[in-house]
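Bear in mind these aren't lab numbers, they're just calculated from the coordinates by the rules spelled out. On a predicted model such as this, the values are computed, not experimentally measured, just so you know. In this analysis, Cβ positions are derived from the backbone assuming ideal geometry, glycine residues included, and neighbour counts consider all displayed protein chains.
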Amino acid sequence: MKVTVKILRYDPEKDQRPHYQTYQVDAEPTDWVLDLLERIKGDQDGSLSFRRSCAHGICGSDAMRINGMNRLACKTLLQDLHSHTIVVEPLLGLPIIKDLVVDMEPFFDHYKSVMPYLVNDEQAPMRERLQSPAERERFDDTTKCILCAACTTSCPSFWANGDYIGPAAIVNAHRFIFDSRDRASSERLRILNGQFGVFRCHTIFNCTQACPREIQITKAIGEVKKAIATGNLD
Ligand code: SF4
Ligand code: F3S
Ligand code: FES
């Protein structure tokens, strides 16, 4: 079948502003949107820019807006879009570098600000730092993040103010705040209680709907808010 792929294009060296460009592509219902982009770039227009690496939903590099929703191009089947017209746009809220490639630096700055690594200066035990299955389960969901930015760039609070730390950073803080081996939870909660921290979240749920890993992001944010409000990590 033929599908129409309408892509928001922008080359800062040539264009005053972004504009749509339309391509007709031969496709199968079982094609991924990434397949269509590869076909356009390979057969019709080598100047089209987008990020991709693994093509299997692991690296998180090809998040983009597809028919108005943030998704991974490599995990979006044409047949699931129920349309012969596909509109592809870069993520909202981050500066466009070129076409579908956005500047991820502001996103990673927020991520880095929550200390997304294990902090424990105590004497290391002879063997590993033990943790019960229940303690491990406490933060299991938030270990699944692939840092694709689909959540943060679908959040109206982030669109309104890019200083908001955003759901992805909170998810990655949650992963360590509730880890029984970590000793920097208070520091992370202090950061997240700041002016642009977790209370900028108004429970809009776009982030949870956008997450390709199906992480219960709004729930995790709620748990962080509660830990700040009550001062305990139960
Ligand atoms: Fe992507 Fe989900 Fe991680 Fe957000 S929480 S960056 S949507 S994987
Ligand atoms: Fe934004 Fe998600 Fe909160 S969409 S407002 S971070 S629930
Ligand atoms: Fe790696 Fe899509 S290309 S997640």
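What fraction, in whole percent, of alpha-carbon pairs in region 1-80 exceed 21 Å separation? Tail fraction, whole percent: 26.
Taking 7 Å steps out from each Cα toward its Cβ at Ser132 and Ile97 produces label points 4.6 nm apart.
Measuring r between the beta carbons of Leu77 and Thr203 and using R0 = 25 Å, the FRET efficiency lands at 0.25. Take the Cα radius of gyration of the chain and divide it by 2.2 N^0.38 Å, N being the number of residues; the result is 1.14.
So, in Å, what gap is there between the alpha-carbon centers of region 181-234 and region 117-159? Rounded to whole Å, the Cα centres lie 12 Å apart. When you restrict to C-alpha pairs under 8 Å that are six or more residues apart and normalise by the size of the chain, the relative contact order lands at 18 percent. I need the GluC sites (Glu not before Pro) found in region 140-234, filtered to DSSP loop residues with at most 11 other beta carbons within 10 Å of theirs. Within region 140-234, the qualifying GluC sites (Glu not before Pro) (loop, at most 11 other Cβ atoms within 10 Å) are Glu214. Within the straight-line cut-off of under 12 Å between alpha carbons, the aspartates and glutamates reachable from Lys226 are Asp234, sequence neighbours fewer than 8 places apart in one chain being disregarded.
Over region 13-60, the alpha carbon radius of gyration divided by the compact-protein estimate 2.2 N^0.38 Å works out to 1.33. With the charge dipole of the chain set up from +1 on Lys and Arg Cβ and -1 on Asp and Glu Cβ about the Cα centre, the Cα lying farthest toward the positive end among the listed residues Tyr111, Ile86, Ser61 is that of Tyr111.
Looking at the square roots a ≥ b ≥ c of the eigenvalues of the Cα gyration tensor of region 101-196, which shape do they give, rounded for a/c under 1.5, prolate if a/b is larger than b/c, or oblate? It comes out prolate by the Cα gyration axes. For the pair Gln123 and Gln216, label points projected 7 Å from Cα toward Cβ lie 3.9 nm apart. As a rough guide to protection, the peptides 171-182, 38-49 ranked by mean Cβ packing within 10 Å, highest first, stand as 171-182, 38-49. For region 80-120, taking Cα atoms only, Rg and Dmax work out to 16.1, 53 Å respectively. Cross-link candidates for Lys225: which lysines have Cα within less than 22 Å, leaving aside residues fewer than 8 places away along the same chain? The reachable lysines, counting only those whose Cα sits under 22 Å from Lys225, are Lys112, Lys144.
A straight chain from Arg181 to Ser47 at 0.36 nm per residue would run longer than the Cα-Cα distance by 43.4 nm.
Straight-distance candidates among the lysines for linking to Lys14, with alpha-carbon spacing under 28 Å and chain neighbours fewer than 8 residues away dropped: Lys6, Lys41, Lys98. Anisotropy class assigned to region 149-218 is oblate, per the alpha carbon gyration tensor with a/c at or over the 1.5 cut-off and a/b no larger than b/c. When only Cα pairs below 8 angstrom with a gap of at least 6 residues are kept, region 1-140 shows a relative contact order of 24 percent. By the Cβ rule of 4.7 Å, the chain holds the following cysteines without a possible disulfide partner: Cys74, Cys145, Cys148, Cys155, Cys201, Cys211.
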